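Note sheet for the following structure.
The values are calculated or read from the model by the stated rules, or taken from the named source; none is laboratory data. Bear in mind that the values here come from a model prediction, so they are computed numbers and not experimental data. A quick note on method: Cβ atoms are made from the backbone with ideal geometry, for glycine too, and the neighbour counts reach across all protein chains shown. Surface accessibility is based on the protein's heavy atoms, side chains included, excluding ligands, DNA and RNA. Shrake-Rupley method; radii C 1.70, N 1.55, O 1.52, S 1.80 Å.
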Amino acid sequence: FINIRPYFKLLVITDNQLRKIKLILTLIIIFISINSFSQAKSKTVYFEVYYEKDYPIAGGNIVERETKKINETTTDFNGKAQLIVTDFNSEFELSYTGPHVRFKIPKKTEKIMINIEKRKIEYYKNNKIFKRKKIKLIGY
């Protein structure tokens, strides 16, 4: 530990109180570092889901599979949604009235566009497509 006794010369502090101050400061530093580490692992990914061009899918459910806690979102009337992704190794599933779509999300993804009719998923970073992939419809 750091010797902080010289900084408290003007104050009358016992050794027991000084130990408590060191313990509290250590716990605060540990808490801040754990909190900042846990926030760095998660990322918000934005979705746009369409049946075909200009026909968004409202009420589509996007679920992160293979996790112990529930992580899901639902598309709005414009087919848009956002999901905080914590595990990029997980498989995700889009379900709606119709077939289901399963997909993975690369780490650098900021936005995903899914077009059911064209059976296509596009991954975006900085508003540019960096990956396109054909999707397989499940239950169709």
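So the values come out like this:
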read-out	value
Mean Cβ count within 10 Å, highest first, over the residues of peptides 25-31, 90-96, 78-84	90-96, 78-84, 25-31
With every protein chain in place, the chain: carbon and sulfur % of accessible area (1.4 Å)	56 percent
Table column - 3J(HN,Hα) (Hz), the range 127-137, Karplus curve with 6.51, -1.76, 1.60, x for Gly and Pro	6, 10, 6, 10, 7, 10, 8, 6, 10, 9, 7
Accessible surface, per residue, of the chain when the full set of protein chains is kept, probe 1.4 Å, Å²	73 Å²
Whole-Hz ³J(HN,Hα) from phi, Karplus 6.51 cos²θ - 1.76 cosθ + 1.60, for the range 104-115, glycine and proline x	10, 10, x, 4, 7, 5, 10, 8, 10, 10, 10, 10
Within-12-Å neighbourhood charge of Lys53 [Cβ basis; K, R +1; D, E -1]	-2
Members of Lys41/Lys104; Lys20/Lys43; Lys68/Lys134; Lys80/Lys120 lying beyond 27 Å, as alpha-carbon distances in this model show	Lys20/Lys43; Lys68/Lys134
Tensor-based shape of the chain (alpha-carbon gyration tensor, a/c under 1.5 rounded, otherwise prolate or oblate)	prolate
Electrostatic dipole magnitude of the chain [Cβ: Lys, Arg +1; Asp, Glu -1; Cα centre; debye, to 20]	700 debye
Rounded tilt (10° steps) of 15-41 against the dominant C-alpha axis of the chain	10 degrees
Ranked by how many other beta carbons lie within 10 Å on average, peptides 101-113, 118-130 from highest	101-113, 118-130
Value of [θ]222 nm, deg cm²/dmol, for the chain, DSSP H segments ≥ 4, -39500 (n - 2.57) each, nearest 500	-7000 deg cm²/dmol
